[in-house]
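A short worksheet on the structure shown next.
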Amino acid sequence: MGDQLFRVGMVIGVHGLKGDLKVRPETRDSEALLQAGQVFLRRPGAEMEAYRPARVAPHKGGFLLRLAGLDDINSVERLVGCEVLMPLDQLSELPEGENYWYELKGLRVVDRRLGELGELAELFTTAAHDLYVVRGARGEVLIPAVRQFVLEVDLEAGRMLVDLPEGLVPEPDEV
């Protein structure tokens, strides 16, 4: 089941007395939580638990999540620190040319001028745009996730082609 789930976010606290959980989203894909029919919560090293959301609402850049059957603060405090996961089949179709993060993670990133940069390891969401974190022989490279720099995503080949401006990637003698 693990490969059929994607990580929506982390439970970072409780909110109020009625059992609402504060969820910090992982990526923009996390907005799928608003329509979730089922979620899974997992603490590192523990078994996954399935829940039905009773209420999900945007809240200060994150979400408030209330789980069916857990309706007071005492019943949910133990869930702080858990990952929140959702089944992939609950994701909506994206427009042509867009991808979910789980599809991109692990792609080889190749620059048009410099060649292979490494593997797409992380994604940071900022107010302006997402940032891809690529780790490889040239160290850690942060790439703005915008069409100006990302030329092609080939999921079948496991590759992302980018065209980065000079100075964004350390040259071999700078690493």
Exercise for the section: Within the range 71-83, identify whether any single residue is touching a Lys or Arg at 6+ places or on another chain (Cβ under 7 Å) and either open to solvent by less than 20 Å² (accessible area, probe 1.4 Å) or of a type in the set (K, R) (or both), and answer yes or no. Expected result: yes
Handout entry: Per-region count, the range 102-133, residues open to solvent by 40 Å² or more (accessible area, probe 1.4 Å) and among the aromatic types (F, W, Y)
Key = 2
Handout entry: Those residues of the range 150-170 which are outside any loop (DSSP other than H, G, I, E, B), closer than 17 Å to R113 by Cβ and not hydrophobic (A, V, I, L, M, F, W, C), in sequence order
Key = E152, R159
Handout entry: Count - residues of the range 93-132 that are among the hydroxyl-bearing types (S, T, Y) and closer than 19 Å to D163 by Cβ
Key = 1
Problem - Filter result for the condition that a residue is under 16 Å from G9 (Cα atoms) and either without any contact (Cβ under 8 Å) to a residue 12 or more places away in the chain or buried (at least 17 other Cβ atoms within 10 Å of the Cβ) (or both), over E156, E96, E49 - result: E49
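The values are calculated or read from the model by the stated rules, or taken from the named source; none is laboratory data. Predicted model only: the values in this text are computed from it and were never measured. Every residue, glycine among them, receives a Cβ derived from its backbone with ideal geometry; neighbour counts consider all protein chains shown. Keep in mind that these areas ignore ligands, DNA and RNA; they rest on the heavy atoms of the full protein, side chains included. Shrake-Rupley method; radii C 1.70, N 1.55, O 1.52, S 1.80 Å.
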